[in-house]
Protein chains: 2
Amino acid sequence: MTKDEADLHVERWRDHWVLEEGIDDDIEAMTVRIGTISKWFKATTKDAVAQVGLEDFEYETLHSLMIRDTPGLASPGELAQSMGVSNAGVTGRLESMEKKGWLKRKPGAGDRRRVEVEATREGLRIWREAMALRGSAETDVASVLTPSELAALNKLLKKMTLAIEQEKAAEER
Amino acid sequence: MTKDEADLHVERWRDHWVLEEGIDDDIEAMTVRIGTISKWFKATTKDAVAQVGLEDFEYETLHSLMIRDTPGLASPGELAQSMGVSNAGVTGRLESMEKKGWLKRKPGAGDRRRVEVEATREGLRIWREAMALRGSAETDVASVLTPSELAALNKLLKKMTLAIEQEKAAEER
DNA sequence: GTAATGTTATTCGCTAGCGAAATATTCGTC
DNA sequence: GACGAATATTTCGCTAGCGAATAACATTAC
């Protein structure tokens, strides 16, 4: 069967190898593949986003704002958390994005320490546009799998994500 | 069955949703899961790397240098390519890493435009140390799968990576 | 052999983002 | 009901990295 980059990587690994305790080949190949796919999705998203005239981080911010359970509405701190960016970083993003008119900030209603971030109509529009492009690129890749293969893949991935989420939760105490 | 974050994401997606043409739920869940796992691996690598006293980008550079088919030896341009970083960025990395003694640069033998980057003994040592830690974190996650599940997962992932690699190759003409 | 073109690495000006300190507001407690 | 602790955001100084321009060398064409 044709080899992919991960296969080649593992082969080189074994030949030239130097580590005392070897890492399991299948695990190594799996992590490399996950990385490859993730990178690809990031790259296609980047393209889609560039096509509609957004910067990467602008898209990410709008996206984060929209996929909440209160879509289009959040505080800077919440955004920082969900994007894995520092609070200071979020302030910077909001600053420039507010100037461009994709969102606005207003002082928090009840608690005046807070700031409420809200997507504008125009912000929503451009984000949707990017989403449509992004989705079609993902569909392209996923379509090499049959529906039942996709289901099987999801089942296996889910086993891992559940383990990860559990691990994460455990870390937080 | 227990739901993971991806499941919840897709549910929210559907409830509040606003896109004209819906994105297929299974595809969306799959991309979210791939992203979650990839992020997790990145985070565990980051921890491992911090434990041995390396910066992220220093580890990445050493790693890139070591997994070549000429391990421990490369030109800046090759590194830039394999890391997906600009040439200028690589120059900066090499600068600081040379100071710390993890690698050294010397003028290219045949072609004197080139520069040869070589890992030092100490660079190799610290990278190995990080690798051992990194590997064990990955093994932890992967161990929720049975060997045959892992094999099945790799088979499905490989279908996608092959498609991606083909797409990439096609783009390059 | 020399001019023109290509290739490789580095320098320079600029942007995004981080961590720590500063600022503004709220909550708890005596 | 005032004062200290807690919380939310922003400001500030600094670092990594990008793209464009530059420098140094090599290759090709004539």
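Bear in mind these aren't lab numbers, they're just calculated from the coordinates by the rules spelled out. As the structure is a prediction and not an experimental result, all values here were calculated from the model. Heads up, the Cβs are rebuilt from the backbone with ideal geometry, glycines too, and the neighbour counts pull from every protein chain shown.
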**Asked** Highest GNM mean-square fluctuation, chain B, Cα pairs closer than 10 Å: which of B:R105, B:R68, B:R113?
**Response** B:R113
**Request:** Scan around B:V115 for amide H atoms under 5 Å from its own, H built in the peptide plane at 1.01 Å from N, and keep only partners 5 or more places away or cross-chain.
**Result:** B:G108
**Request:** Would you mind ranking A:T2, A:T36 by Cβ crowding within 10 Å, fewest neighbours first?
**Result:** A:T2, A:T36
**Message:** Give me the dipole magnitude in Debye, nearest 20, for the protein assembly as shown about the Cα centre, with unit charges on the beta carbon: positive for Lys and Arg, negative for Asp and Glu.
**Reply:** 1080
**Message:** 7 Å along Cα→Cβ for the label point: how many nanometres lie between B:A43 and each equivalent label in the other copies, listed shortest first?
**Reply:** 2.6
**Message:** With θ taken as phi - 60° and the coefficients 6.51, -1.76 and 1.60, list the Karplus ³J(HN,Hα) couplings across segment B:121-137 in order, rounded to whole Hz; mark glycine and proline as x.
**Reply:** 4, 5, x, 4, 4, 5, 5, 4, 4, 4, 4, 4, 5, 4, x, 6, 5
**Item:** Spatially proximal lysines relative to A:K104 (Cα-Cα < 17 Å; intrachain offsets below 8 disregarded)
**Value:** none
**Item:** Rel. contact order, % - alpha carbon contacts under 8 angstrom, at least six apart, chain B
**Value:** 18
**Asked** For segment B:30-45, what does the Karplus curve 6.51 cos²θ - 1.76 cosθ + 1.60, with θ = phi - 60°, yield as ³J(HN,Hα) per residue in whole Hz, taken in order and with x for Gly and Pro?
**Response** 4, 5, 5, 5, 4, x, 4, 5, 4, 4, 4, 4, 4, 5, 5, 4
**Request:** Note the angle between two axes, namely the Cα long axis of helix A:5-15 and the longest principal axis of the Cα atoms of chain A, as a number of degrees from 0 to 90, rounded to the nearest 10.
**Result:** 50
**Message:** Sort A:I34, B:I126 by Cβ crowding within 10 Å, fewest neighbours at the top.
**Reply:** B:I126, A:I34
**Item:** For segment A:5-142, radius of gyration divided by Kirkwood radius, i.e. Rg to Rh on alpha-carbons
**Value:** 1.15
**Sorted by Cβ density within 10 Å, fewest first, the residues A:S75, A:S148** = A:S148, A:S75
**Message:** How far, in whole Å, is the closest Cβ of chain A from the axis that maps A onto B, and which residue does it belong to?
**Reply:** A:S38, 2
**Complete:** Taking Cα atoms, the helix A:147-171 axis meets the longest principal axis of chain A at an angle in degrees (rounded to 10) of 70
**Asked** Residue by residue through segment B:77-85, which ³J(HN,Hα) values in whole Hz follow from phi under the Karplus form 6.51 cos²θ - 1.76 cosθ + 1.60 (θ = phi - 60°), with glycine and proline marked x?
**Response** x, 4, 4, 4, 4, 6, 8, x, 10
**Fill in**
Rounded to two decimals, the Debye log10 I(q)/I(0) of the protein assembly as shown (Cα scatterers, no solvent) at q = 0.09, 0.10, 0.15 Å⁻¹ is -0.58, -0.71, -1.43
**Request:** Place the label 7 angstrom along Cα→C-beta at A:R14 and in each other copy, then list the distances from the first to the rest in nm, shortest first.
**Result:** 4.4
**Item:** Other-copy label distances relative to A:R128, 7 angstrom Cα-Cβ extension, nm
**Value:** 5.8
